[in-house]
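This report concerns only the one structure given below.
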Amino acid sequence: MQGPHPFEVEAAHNLTTRLWERAARPGGTDILRYPTNGGWAGLSWGELGERVLAAAAGLIALGIEPGDRVALMSATRVEWTIADLAILSAGAVTVPIYETSSTEQCRWILQDSGAKAAIAGTADQAETLGTAREGARGGSGEKSGARSEACQLGEVFVIDDGGLDALAEHASGSHRDQVADRAAAPRQSDLATIIYTSGTTGKPKGCMLTHGNLLWSVRQSEGSMPQLLGPEACTLLFLPLAHALARFLQFLCLSSGVPMGYARSLKTVAEDVASFHPTFLLTAPRVFEKVFNTAQRKASGPKAKVFDFAVRTSQQWVLQGRRGPVMRVKHAVADKLVYTKLRHALGGRLTHCVSGSAPLAPHLIAFFQAAGITVLEGYGLTETAAPVTGNTPERMRIGTVGPPLPGVEIKIAGDGEILLRGGNVFAGYYHNEAATRETFTDDGWLRTGDIGELDDEGFLRITGRKKELIVTAGGKNVAPAVLEERLKEHRLVSQALVVGDERPFIGCLITLEPDELAAFAAQRGLSGSVAELAQSDAVQAEIAKAVEHANAAVSRAESIRQWRVLGRDFTIDHGEMTPSLKIRRNIISEHFADEIESLYRR
């Protein structure tokens with residue numbers, strides 16, 4: 001299946017071209033808006049250009065050369081975009097790092113990328129980078145796969161401490177004069193960013209995205225969804241800009257001239273949406289769930305029946321397509337009593353939401369769409385500079401992730417795996433030719449690791465995952481092997497199964513090693529069956545230590561929040577282990593479905 005003919009990407013453009021074209025024009029409205037005490041402040045194109053110019057000149061003064069890597073570790077904020085554009089305008093390559101990344105993860109990324117400088121949002125993040133840098137220099141060496149260029153990492157500039165201004169102070173007039181040439185020099189085949197994504201072996205892999213990859217995705221989306229990007233459009237960013245999807249949206253808005261606001265934090269998103277009044281949002285399924293659950297929780301007493309009526313009406317209106325006279329009256333009543341309040345809580349101007357990273361329940365889509373907020377689900381990968389398919393306002397089908405974007409080709413392999421081709425497909429994994437070869441077929445198709453099917457009209461439906469990566473309801477990719485292997489380092493742990501796909505957080509089922517358990521019990525004068533000992537305070541305390549050890553290797557978003565110690569081990573006889581003693585995830589999940597559900601009960 002192939003999407004429509006692709007929209008053209010200007011041959012001479014790179015990711016900063018339109019910034020500098022617009023920054024040269026006097027006046028204009030704000031393109032970036034950020035929260036201040038009691039309101040929102042903004043940067044015009046010219047002001048943004050000056051901030052980027054100053055920081056880019058500072059990087060050049062530091063000795064950053066074209067193609068050098070610069071790490072960027074920060075929460076989503078206006079300075080993230082300024083720093084990203086400055087790195088690119090200096091001809092360098094941005095290496096984003098999640099703000100929640102552990103020291104161990106940062107160490108690997110710094111080692112693998114060979115970043116020469118870093119920008120951090122806070123002092124704590126700078127400390128994490130500093131500790132990771134010293135660890136890389138301390139000779140963890142060949143054992144951890146360290147590379148000598150990791151030791152080139154220099155100063156870490158802290159945004160909260162005026163780091164971007166300090167960076168600019170390094171520059172002279174001659175450095176500023178170099179920025180224009182540096183910014184114009186990158187071709188579309190040149191590397192723009194290395195985004196590290198979780199791998200099944202535990203070590204993040206660096207996805208190399210070129211200027212052309214991201215620009216190609218931007219142009220196809222501009223052409224496919226002009227309704228979202230009109231003259232009155234604006235959006236609020238709150239997803240991590242270290243993620244490919246939010247980063248893509250950043251460049252889409254900059255290219256289209258759509259103003260972007262930056263939420264204060266994930267905790268304040270509801271308040272920020274209400275005061276910013278966005279027309280569209282990019283979000284994850286977990287946000288829809290929170291909005292719905294909050295509304296449902298507030299609808300107590302007699303209001304509960306009214307809310308339930310609105311939910312039933314939305315399903316009839318959207319999922320069943322019932323639009324007769326009686327149904328229109330019901331919808332009008334539900335709108336007055338419930339839907340209007342929802343729209344008001346979301347700022348009053350919101351008309352579209354784009355949802356990705358994990359499937360969204362149909363009843364949630366129906367509820368929002370009955371309230372006049374069209375929910376568009378899509379599908380993409382870091383390796384494809386984000387989107388490859390997407391429902392659009394004119395062409396959508398609930399339960400699918402939409403048809404392919406213009407120029408994207410999709411093929412379903414014999415085993416059901418989704419294969420892709422297009423101008424957005426990445427250049428490979430940095431310093432990992434073997435993994436790059438494995439991710440492409442012999443004839444050049446990208447293996448997604450996802451299982452899916454195309455319907456007769458070209459809409460793609462995701463039916464499963466070939467690879468074992470878990471995607472939480474919040475859109476976080478989690479490699480279970482990292483946690484499972486570290487858990488099994490504890491002597492009491494026999495096996496571990498990490499769960500959390502499409503769930504709000506990561507959970508885990510843990511089994512005990514019988515011989516070690518017997519010895520542990522004898523040392524402490526404990527008695528009882530395996531099931532009884534599993535629930536003892538002493539065993540639970542030891543398993544808590546094992547979980548803490550496992551969590552130390554990952555970010556907070558990837559960490560185990562709840563776990564259950566089972567009363568028996570996984571066995572070959574029960575079909576839960578292969579003859580080579582590999583766990584069978586699907587079988588275990590079926591056998592212990594109740595235990596898994598108990599992890600998520602409130």
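Readers should treat all values here as calculations from the given coordinates under stated rules, not as data from a laboratory. Here the structure is a predicted model, which means the values were calculated and not measured. With ideal geometry, Cβ positions are generated from the backbone for all residues, glycine too; neighbour counts draw on all protein chains shown.
Of the trypsin sites (Lys or Arg not before Pro) found in segment 391-483, not one falls in a DSSP loop while having at most 10 other beta-carbon atoms within 10 Å.
Rounded to whole Å, the principal axis extents of the Cα atoms in the chain read 79, 74, 54, largest first.
Each Cα pair of segment 268-337 feeds into the Kirkwood radius, which the Stokes-Einstein equation turns, at 20 °C and 1.002 mPa s, into a diffusion coefficient of 154 µm²/s.
Grab the Cα-Cα distance for residue 181 and residue 532, subtract it from 0.36 nm times how many residues apart they are, and report the gain in nm with one decimal.
Values: separation 351, 0.36 × 351 = 126.36 nm, distance 7.06 nm.
That works out to 119.3 nm of additional length.
Cα extents for segment 479-599 along the principal axes, largest to smallest and rounded to whole angstrom: 41, 33, 26.
The lysines whose alpha-carbon is closer than 29 Å to the alpha-carbon of residue 330, local same-chain residues fewer than 8 away aside, are 290, 298, 303, 305, 341. Just add up the charged neighbours of residue 530: K/R +1, D/E -1, any other residue whose Cβ is under 11 Å from the Cβ of residue 530. That sum, taken over residues with Cβ under 11 Å, equals -2. If the Kirkwood radius is taken over C-alpha pairs of segment 415-523, then at 25 °C and 0.890 mPa s the Stokes-Einstein diffusion coefficient equals 143 µm²/s.
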